[in-house]
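A short reminder: the numbers here are calculations on the coordinates, not readings from a lab. What you see is a predicted model, and the numbers here were worked out from it, not measured in a lab. Virtual Cβ from ideal backbone geometry, glycine too; neighbours counted across all protein chains shown.
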Amino acid sequence: MKIESLKLVYFSPSGTTKTIIEGIARGFNYNPVETIDVTKPEVRKQQLQTSENDLLVIGVPVYVGRVPTIAIDWLYTLQARSTPTVCIVVCWRTHFFTLQPMQAFIVKYLIK
């Protein structure tokens, strides 16, 4: 596996998740970097495809103990087979059940 590009995908209505994801991306120090803000409805209508040469970083917030349904629904549209992926869940204080939608997505779509 050779990482050739970084794709940042985030749902961030308040901007906090975006800030955290961008900070993490600076630490990876990859070029090129593609940023996909799925907070915007028009962006969620576009199909994102990745390859095994991309590093996909997905960031979502937690509201009232849950990842927003809009974000989870969009994740299931990804074509991300065999793509190395980092999932970031931004929350103040929560329980493991918050991570279950992300875990289900990873198991079903990202693990080969």
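Checking the cross-link filter: which aspartates and glutamates have an alpha carbon closer than 19 Å to that of LYS40, excluding same-chain neighbours under 8 positions apart?
In chain and number order, the partners are GLU22, ASP73.
Grab the other residues whose beta carbon is less than 10 angstrom from that of TRP74, score K and R as +1, D and E as -1, and report the net.
Once all neighbours under 10 Å are counted, the net charge is +1.
Please work out whether the stretch 7-71 counts as rounded, prolate or oblate from its C-alpha gyration tensor, where a ≥ b ≥ c are the square roots of the eigenvalues and a/c under 1.5 means rounded, while otherwise a/b larger than b/c means prolate and anything else oblate?
In terms of gyration-tensor shape, oblate.
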